[in-house]
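A.B. asks: Supplied in structure tokens, the structure appears directly below.
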Amino acid sequence: MTDAAGVVASARQRLAGAPRARLGELVTPRLFAAARGPRVVPRGEAWHLGVLLIADDALLATGEIVRAHDPGRRGFTAQASRERAELALAALRGGFAEGETVHVGWHVVDLDAVARGEASGPVTLVGAVPSVRWSRGAGRMPLAEYLDERIALLLRPPQGA
């Protein structure tokens, strides 16, 4: 299969029954409810495969991954640490269970754009082959091979089981 949509559809079939990750969206309340602060609200589930998330109806590029929790009052040495703690608290406020992993800041990969030869998120065509950049410094890898590797890792039985 050489088109990205077909590769993703095939991956969905192989993933049936595999564990999924929860998706959330950061919502900043209007002025009236601002006292409660921002929250991360549930937006579905997807299979987490490295830099990609496969939902029932879309391919998504991952954003941030946080565990819902209340960090309490702590000093932070870096602004990034403070922002992650605020995001974790927002996930808890939004209804995610304490300690639950949530994907936030993901965005849809436009498979039609990829088919036209345009890049969308980490996915693009290299020659005629849909490919993915799995890290900022890495080259591109064929999407089918990337998904094969990631699905094998996801479906692998736990060590010692």
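A.B. asks: Could you give the length gained on full extension between residue 3 and residue 78, defined as 0.36 nm per residue of separation minus the Cα-Cα distance, in nm?
C.D. replies: Gain on extension, residue 3 to residue 78, equals 22.7 nm.
A.B. asks: If you plug each phi of segment 56-66 into the Karplus form 6.51 cos²θ - 1.76 cosθ + 1.60 with θ = phi - 60°, what whole-Hz ³J(HN,Hα) values come out, in order, with x for Gly and Pro?
C.D. replies: 4, 10, 7, 9, 10, 8, 5, x, 9, 10, 10
A.B. asks: Related question: Taking loop as defined by DSSP and a crowding limit of 15 other beta carbons within 10 Å, which trypsin sites (Lys or Arg not before Pro) in segment 109-148 fit?
C.D. replies: 116, 136
A.B. asks: How large is ³J(HN,Hα) for each residue in segment 100-111, as worked out from phi by the Karplus curve 6.51 cos²θ - 1.76 cosθ + 1.60 (θ = phi - 60°), to whole Hz, x for Gly and Pro?
C.D. replies: Once rounded to whole Hz, the list reads 6, 7, 9, 9, 10, x, 5, 9, 6, 8, 7, 5.
A.B. asks: Using protein chains only and a probe of 1.4 angstrom, how many square angstrom of residue 62 are accessible, to the nearest 10?
C.D. replies: 40 Å²
A.B. asks: Given the options 9, 117, 69, identify the residue whose Cα lies farthest towards the positive end of the charge dipole of the chain (+1 on Cβ of Lys, Arg; -1 on Cβ of Asp, Glu).
C.D. replies: 69
A.B. asks: Taking 0.36 nm per residue of separation and subtracting the Cα-Cα distance, what length does fully extending residue 69 through residue 101 add?
C.D. replies: 10.5 nm
A.B. asks: What is the Cα centroid distance between segment 50-64 and segment 109-161, reported in whole angstrom?
C.D. replies: 11 Å
A.B. asks: Further question on the same structure: Check residue 131: other-chain or 5+ apart residues with amide H under 5 Å from its amide H, H built from backbone geometry?
C.D. replies: Under 5 Å from the amide H of residue 131 lie the amide H atoms of 124, 125, 126, 143, each far enough along the sequence or on another chain.
A.B. asks: I've got another one for you. Tell me, what is the percent relative contact order of the chain, built from C-alpha pairs under 8 Å that lie six or more residues apart?
C.D. replies: Once normalised by length, the contact order is 24 percent.
A.B. asks: So who's got an amide H within less than 5 Å of the one on residue 59, skipping anything under 5 residues away but keeping other chains? H placed 1.01 Å off N, in plane.
C.D. replies: 109
A.B. asks: Also, I was wondering about something else. Let's see if you can work this out: charge +1 on each Lys and Arg Cβ, -1 on each Asp and Glu Cβ, no other charges. What is the dipole magnitude of the chain about its Cα centre, in debye to the nearest 20?
C.D. replies: 600 debye
A.B. asks: Over the chain, what percent of the accessible surface lies on carbon and sulfur atoms, probe 1.4 Å?
C.D. replies: 53 percent
A.B. asks: With +1 on each Lys and Arg Cβ and -1 on each Asp and Glu Cβ, and nothing else charged, work out how big the dipole of segment 74-119 is about its Cα centre, in Debye to the nearest 20.
C.D. replies: For segment 74-119, the charge dipole is close to 280 debye.
A.B. asks: Hey, another quick one. Quick one, can you get me the convex hull of the C-alpha atoms of segment 3-161 expressed as volume per residue in Å³?
C.D. replies: Output value, Cα hull per residue: 161 Å³.
The values are calculated or read from the model by the stated rules, or taken from the named source; none is laboratory data. Everything numeric here is computed off the predicted structure, so don't read it as measured data. Neighbour counts are summed over all protein chains in view; Cβ atoms, including those assigned to glycine, are modelled from backbone coordinates with ideal geometry. Each accessible area value is taken on the protein alone, full model and side chains, heavy atoms only, with ligands, DNA and RNA left out. Shrake-Rupley method; radii C 1.70, N 1.55, O 1.52, S 1.80 Å.
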